[in-house]
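Readers should treat all values here as calculations from the given coordinates under stated rules, not as data from a laboratory. Small disclaimer: the values here were computed from a predicted structure and weren't measured. Using ideal geometry, Cβ is built from the backbone for each residue, glycine included, and neighbour counts are taken over all protein chains shown.
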Amino acid sequence: MLNRNTEKLLTRCITEHKENVYRLAFSYVKNKEDALDIVQESIYKAMMNIELLKNPDAVKSWFFRIVVNTALDFLRRNKKVHAMDHEMIETYTPGAEDVYTDIDLKRTLDDLPEKYRGVIILRYFEDLKIDEVAAVLGENVNTIKTRLYQALQLLRVKMNDEPSKEIK
């Protein structure tokens, strides 16, 4: 019976957070079709491995972690090719009107190392709590706090056009 209830929790989580999950996948791959494929693959993986979920109360962070890992796997498999959809190409075309009001922030986020970008996206764009971000990324809460602080420092430096220090 626990498995059936857990399946219902997962289904509700997927339904309630479908936009967030898509946005999370898109933030990694920058392409609509690939993001949709990642979401679909993540749902499949979650449904097939539902018995691995030890704490049903953590279904959201468990599923988000699957999405992040699936996106990272996709990026590793397709390292050489960075496809862009029409909207992205138009955004970068000279003379085209900016679709993003905060294009500098978006570009700066894209320039951040992955370990910092993921923390920023999950914390501020997906509105997850620090402990949820830690669960999604499989890291210690203190590590996430440190990365968040470092990421914000890097963003400040980059947004102010000051020479940045490389943080590894």
The ³J(HN,Hα) series, computed from each phi in segment 68-78 with the Karplus coefficients 6.51, -1.76 and 1.60 at θ = phi - 60°, rounded to the nearest Hz and given as x for glycine or proline, is 4, 5, 5, 5, 5, 4, 4, 5, 5, 5, 10
Checking rank on 12-21, 31-40, with mean other Cβ inside 10 Å and highest first, the result is 31-40, 12-21
Each residue of segment 121-133 in order: what ³J(HN,Hα) in whole Hz does its phi give by Karplus 6.51 cos²θ - 1.76 cosθ + 1.60, θ = phi - 60°, with x for Gly and Pro? 4, 5, 6, 9, 8, 9, 6, 8, 6, 3, 5, 5, 4
What distance in nm separates the simple spin-label points at Met47 and Arg156, each placed 7 Å from Cα in the Cβ direction? 4.6
